[in-house]
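First comes the structure, then the notes that go with it.
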Amino acid sequence: MRLVGITQPTFFKGEADAITLLLEGGLDLLHIRKPGSLSEDIASLLLDIPSYLYPQIVIHDHFDLIDSFPLKGIHLNRRNPVRPLIYEGSVSRSCHSIEELSHIKNIDYCFLSPIFDSISKEGYSSAFSKEELVDASCKGIINSKVYALGGVTPKNIPLLQKLGFGGAAVLGYLWKNATLQTLQYRINVLKNSIR
């Protein structure tokens, strides 16, 4: 199972150091998700991250930055639903229903959310019953290309593995009241929860 981190929606002091720590500490990928950000702000953040980590970074906005930075890929969502015409790198996308998963084509992986009650978005509750997830897993709809997002913690990663998710995407668990010390601890706990 792959571990994917997603940035907070706003920038903060020391963010590049935090991202570096997470990627060096065991995250497989990090998604930079900054709705409403400027291209130059994302570029500035990337310039503060060691370039050897770029192949582990995916961006949700300003896909033109792929031309300047050798990043892992792009993530399609409601704000940016279409891949650039000449882009041939890694593509992921967001999904919010089991039915939506059935129609996904030509992507490397997708996020299905919210699986559990969100930690970062108050009042954003799970959209799926355990029975729905088990059924989708039995039908092969949940598979190695589907990554769980929403309320993911080390405690529920074993269930996600049992259901056949190929990855777990974390946001709230990582960043809530985070310091560099707590981030190091949290990434270690996440890695140890994977069997």
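General remarks:
- Potential lengthening between GLU131 and HIS96 on full extension [0.36 nm per residue; Cα-Cα distance subtracted]: 11.0 nm
- Helix-only mean residue ellipticity at 222 nm for the chain, each DSSP H run of n ≥ 4 adding -39500 (n - 2.57), per residue, nearest 500: -8500 deg cm²/dmol
- Accessible area expressed per residue, the stretch 1-81, with surrounding protein chains retained (probe 1.4 Å, Å²): 43
- About its Cα centre, the dipole of the stretch 79-195 is roughly 360 debye, where the only charges are +1 on Lys and Arg Cβ and -1 on Asp and Glu Cβ.
- Residue order for HIS103, HIS31 - accessible surface, 1.4 angstrom probe, largest first: HIS103, HIS31
- Length-normalised contact order for the chain - Cα pairs under 8 Å, 6+ apart - percent: 21
- Nonpolar atom fraction for the chain, defined as the carbon and sulfur part of the 1.4 Å probe accessible area, stands at 51 percent.
- Loop sites in the stretch 123-183: trypsin sites (Lys or Arg not before Pro), DSSP, at most 12 other Cβ within 10 Å: LYS139, LYS176
- Potential lengthening between LYS176 and GLU40 on full extension [0.36 nm per residue; Cα-Cα distance subtracted]: 46.3 nm
- The calculated FRET efficiency for the pair LYS162 and ILE107, based on their C-beta separation and a Förster distance of 22 Å, comes to about 0.40.
The values are calculated or read from the model by the stated rules, or taken from the named source; none is laboratory data. As the structure is a computational prediction, the values presented were derived from the model and not from experiment. Glycine also receives a Cβ, built like all others from the backbone with ideal geometry; neighbour counts cover every protein chain displayed. Side chains included, ligands, DNA and RNA excluded: accessible areas come from the protein's heavy atoms. Shrake-Rupley method; radii C 1.70, N 1.55, O 1.52, S 1.80 Å.
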